[in-house]
Amino acid sequence: MGTLSQDLRYALRGLWKSPSFALVSVIVLALGIGANTAIFSVVNAVVLRPLPYKDPETLVAVWETMPGNDERSVAPGNFADWRIESRAFEQLAAYSSAALNLTSDGDPERLSGAAVTPNFFDTLGVAPALGRALTPEDGAREEAVVVLGHGLWQRRFGADARAVGRTLTLDGKPYEVVGVMPQGFAFPERAELWVAGQRGSAVPPSLSAQFPESDLAASRDIHIYSAVGRLRAGVTSDEARAELSAVMGRLADEHPDTNEGLGANVVPLHRQLVGDVRATLYILLGAVALVLLIACTNVANLLLARATRRERELAIRIALGAGRARLVRQMLTESLLLSLAGGALGLLVALWGIDLFVSLSPGDIPRLGEVGLDARLLGFTLVVSLATGVGFGLLPALQATRLDPQIALREGGAKATEGRRRRRARNLLVVSEIALAQLLLVGAGLLMLSFLRLQAVNPGFDAENVLTARVALPPAKYGDTAKKVAFYDAVLERLRALPGVRSAGLVMNLPLGGSRMNRGFVVEGRPEARADENVTVDYQVVSRDYFETMRIPVRSGRGFTDADTPESPRAALVSESMARKYFPGEDPVGKRIAFGDAKRAESWRTIVGVVGDVRHASMDAQPFPGAYTLYGQDKESWSRVAFVVRTEADPKGLAAAVRREILAVDPQQPVSNIQTMEETLSASIKRPRFVTALLGVLASVALALAVVGIYGLMSYTVTERTHEIGVRMALGAQTRDVLRLIVGEGLWLTVAGVGCGLVGALILTRLMSKLLYGVSATDAATFAAVSLVLATVALVACFIPARRATKVDPMVALRYE
């Protein structure tokens, strides 16, 4: 402990005497350590930390499968058989999306929720903070019940414990509040309330109201459930998958019309929730690790330069009997002090970086609300700081202590010329910096090119000057088709009459909203498809003016017109992708098609036109085959729609007027998600934009550090070789000869670094192929452009000190040493 205390005091005195060196080193390390800590905090919360449920490792997500699709929502009837026949699960619960209109206790509001089976909370192992969870008896009660999320309870009820037992009006129907979930619980993501489905099912209230004549709880052809299960002790996901697949095989024999070719998949719930975010976060973590490595090589170079200046001091200590191990330990103590100071400052940088990451994140990263400071994060920062200190300090320490004290002391205190071994070490560090910077720059370049190509994709509509507003009519109030049609007609008439409005329409699911209604269909004169053939289209209910408002082109035939009334023959439009896939080599216009039950006359429609493809899922997903029908001719006249309004000027100025006109038709009808289509378009590419920007910033930092590194090396080289340069100039060397000498050395280092970086990039960029759109992970143009930019910047950094070398006065240089 005594020698350690001596080392600490000596290191502190040494750093105090070199404040510039210490400050620069600490700041560089703080940036690297802080960035790593910030990204690790996100990885820790999203990927590494167990789910906040009882025995989370036994929780799994369960899906139906079909050829080409490993995740398909479960049909209620199939789920019921799973629960009866499966022995692999302690419990198996189901849930489905159930957004509801709250029209009591304040302004009307659209709330995100879920319809769940009564054992949903027991399966997850989470108990309410207030009241009780759902029970099997709730599905049979006359009055419906609801469990509130903690955030909703605070926001709408002021965290009043008396909220339990109150009655809310949801979708025009009374619901008794029986419980409040604990803070932080939101499963599925963003759910604010949970209701019990009819007869213990997880059928959403809106869907059960639309099909009152059918028993949806036993249906096998409507796939609406998501399922979560808890495995029995000792049962693996593979064993549960095999068991459910056997059940599905039996069901395929018993119900070939709905179950033929279907299977089952069982996935750990944590993996299901994290999804493809895991790969993105690991790539970002790898990127900040590269930045930290570059920072370490910079500080290591500074330490090598500092060790050269301390050569005489080290020689005296060796001559007085100090062992090499003692000197290495003393120098590592100095390195560790720098890294710990950098780690402490880096923790503050990380806290700021975490807030920035969360505020700028695309919003689709799960569990982001759990990101924060905890013991694991503090431990990570400490370990990274210690490892960094040893990493950048060991090589300079070993190099500095490999000297002959007699030679060093014989120089009479003059600065010793740097040996080949130490020069090789410095060169190696600079080559490493350039190679690491090349890796990051190539990755950022590929993402940038990918993002530019994604932005250039035609979404299939014109987003400029279009405002959207969503409504969902409650089944209790608008259960009759005529009432829904009357509401839509009245709203559209009022919207079209607004000053500044060019046209207005409606659609069931907005483009780029990520939602679609998959419906099977039959073409007249063709046999019905089997269940495993997945003959489905994205079924959309629209108004006549929708295509004009969104400027979706009609490619052939005609669009909907005033002649298409509820009394006229039913018409349909199909997308180009549907025409190509299901009518290859023929014109679909004039053909008849049935959606749903082909035995019912009202299911049949005549295709009157083909319209352009629209990207409904996302910008990077190919358009799905689509079909459109008029809401006035649709039997159900779907209750969840979005109004679209094309304006003459900035559509945001009409947001309040659009809301006012909708409320004028029904003051109790919530209006949600009022935004422009340009905002929707921007949100659809928010994640690739975020990742591209973040990696671009890291690559820029890496480039700056690499340039500083090679500039510092060349400057140091010029300083060390001043005497040599003077001799060369005294013997007749010209300016261009000196430039060639210094720049040539930097050129070789740059070429070596770029070459190593290219090899590494060819290997590592394949890991990010899933993040790219329309770009190969080995795109030659990107590799070449990045190499040229890096080489150019590095050569400029070499040229500046080389230019300074040409200004050396030979007489002064000859007296330099």
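Using the Cβ of Lys54 as centre and a radius below 10 Å, the other residues enclosed give a net charge of -1, where K and R count +1 and D and E count -1.
Once the gyration tensor of the Cα atoms in region 462-524 is diagonalised, the equivalent ellipsoid follows with semi-axes of 24, 20, 12 Å, ordered largest first. Each stretch of four or more DSSP H residues adds -39500 (n - 2.57); spread over every residue of the chain, this sum gives -16000 deg cm²/dmol at 222 nm.
DSSP beta bridges confined to the chain are antiparallel in about 80 percent of cases. For the residue pairs Lys173/Lys483; Lys173/Lys484; Lys173/Lys652; Lys652/Lys686; Lys483/Lys591, the alpha carbons lie more than 27 Å apart in Lys173/Lys652; Lys483/Lys591. In this structure the chain gives 43 Å² per residue of accessible area when probed at 1.4 Å with all protein chains present. Less than 12 Å from a label point 7 Å out along the Cα-to-Cβ axis of Arg502: which backbone N atoms in region 425-468 qualify, by residue? Answer for region 425-468: 462-467.
Assuming R0 = 35 Å, can you tell me the calculated FRET efficiency for the pair Ala601 and Asp562, based on Cβ-Cβ distance, to the nearest 0.05?
0.90
Rounded to the nearest 5, the antiparallel percentage of DSSP beta bridges internal to region 550-690 is 60%. Once a ≥ b ≥ c are taken as the square roots of the eigenvalues of the Cα gyration tensor of region 480-590, is the result rounded (a/c under 1.5), prolate (a/b larger than b/c) or oblate (a/b not larger than b/c)? Since a/c reaches 1.5 and a/b is larger than b/c, the shape of region 480-590 is classed as prolate.
For the chain, the longest principal axis of the C-alpha atoms and the axis of helix 237-254 are separated by about 30°. When Rg and Dmax of the Cα atoms in Å is computed from the coordinates, the matching label among [x] 43.2, 149; [y] 29.1, 93; [z] 34.2, 109 is [z].
Taking the chain as the reference, fit the longest principal axis to its C-alpha atoms, fit the long axis of helix 735-764 to the helix C-alpha atoms, and give the angle between the two in degrees, 0 to 90, nearest 10. Approximately 40 degrees, to the nearest ten.
Remark on Arg555: its backbone amide H falls under 5 Å from those of Val610, Val611, Gly612, a criterion applied only to residues 5 or more positions apart or on other chains, H modelled at 1.01 Å from N.
Placing pseudo-labels 7 Å out from each Cα toward the beta carbon at Leu762 and Arg803 gives an inter-label distance of 3.6 nm. Rounded to the nearest 10 degrees, the angle from helix 481-496 to the longest Cα principal axis of the chain is 60 degrees. Fully extending the segment from Leu382 to Glu493, taken as 0.36 nm per residue of separation minus the present Cα-Cα distance, adds 33.5 nm.
The values are calculated or read from the model by the stated rules, or taken from the named source; none is laboratory data. Note that the structure is a prediction, hence the values are computed from the model and not measured. Every residue, glycine among them, receives a Cβ derived from its backbone with ideal geometry; neighbour counts consider all protein chains shown. Surface areas here come from the heavy atoms of the whole protein model, side chains and all, with no ligands, DNA or RNA. Shrake-Rupley method; radii C 1.70, N 1.55, O 1.52, S 1.80 Å.
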